[in-house]
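The values are calculated or read from the model by the stated rules, or taken from the named source; none is laboratory data. Quantities reported herein were computed from a predicted structural model and do not represent experimental measurements. Backbone-built Cβ (ideal geometry, glycine too); neighbour counts: all protein chains shown.
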């Protein structure tokens, strides 16, 4: 049975986004080593899963992207969790502040793109929609063969995965910035969640990748 891995970027005080979904703070410490670590995580995935708002943002951004993340994001199959039954309906909704922040960070880069643009529009349009109960849909995905299920968010989707105990491994990149308020990853817990640290990898830009598993 394959596992669900939750990959998220966090501020040092535990937020995945600012009060209005801001993620510009993530890019300040995203150096080459942090990028390589994240790309390796992306490439391990058998499928990417996410909520509908994050799916719209990523579908709007990644097909035309040229950075190191583009190929694994575009090439690996996707599952989007939504009450809407079709990808077309999901994509008809608005994108969020995250797309603006990512585009602005990309335009501010001084270095040339790491890779050529990866063709990926079809992989987003052909995503599978999971519209059943979250626990049941995740259990079904875990029973399927293949590499790990890599969950991306957004905040509400990630909070639900955490609250329901569906996460088998946390891969969290902790960025050296405190937001003070915003969208907290663990705010939906009904009680303490004990985690076992598997590894901690510091990067030159000040971010630290921490891998945890629930202490079951």
For segment 74-90, what are the residues that are under 12 Å from residue 53 (Cα atoms) and in contact (Cβ under 8 Å) with a residue 60 or more places away in the chain? 81
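Here are 154, 180, 146, 206: which of them is touching a residue at least 12 places away in the same chain (Cβ under 8 Å), in contact with a strand residue (DSSP E or B) (Cβ under 7 Å, 6 or more places away or on another chain) and at positive phi?
146
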Only one of 40, 71, 36, 59 that is surrounded by 19 or more Cβ atoms within 10 Å (Cβ to Cβ), assigned to a helix (DSSP H, G or I) and without any contact (Cβ under 8 Å) to a residue 60 or more places away in the chain: 71
Please work out which one of (1) outside any helix (DSSP H, G or I); (2) under 25 Å from residue 122 (Cα atoms); (3) under 13 Å from the mean Cα position of the chain (by Cα) is the condition residue 16 fails and give its number. (2)
Any residue at all in segment 76-99 that's surrounded by 15 or more Cβ atoms within 10 Å (Cβ to Cβ), modelled with pLDDT under 85, in a helix (DSSP H, G or I) and out of contact with any helix residue (DSSP H, G or I) (no Cβ under 6 Å at 6 or more places or on another chain)? yes
Of all residues being closer than 16 Å to residue 173 by Cβ and either touching a helix residue (DSSP H, G or I) at 6+ places or on another chain (Cβ under 8 Å) or without any contact (Cβ under 8 Å) to a residue 60 or more places away in the chain (or both) in segment 13-25, which is surrounded by the most Cβ atoms within 10 Å (Cβ to Cβ)? Just the residue, please. 17
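Identify the residue in segment 1-12 that is assigned to a loop (DSSP other than H, G, I, E, B) and modelled with pLDDT of 95 or more and, among all such residues, is surrounded by the most Cβ atoms within 10 Å (Cβ to Cβ).
2
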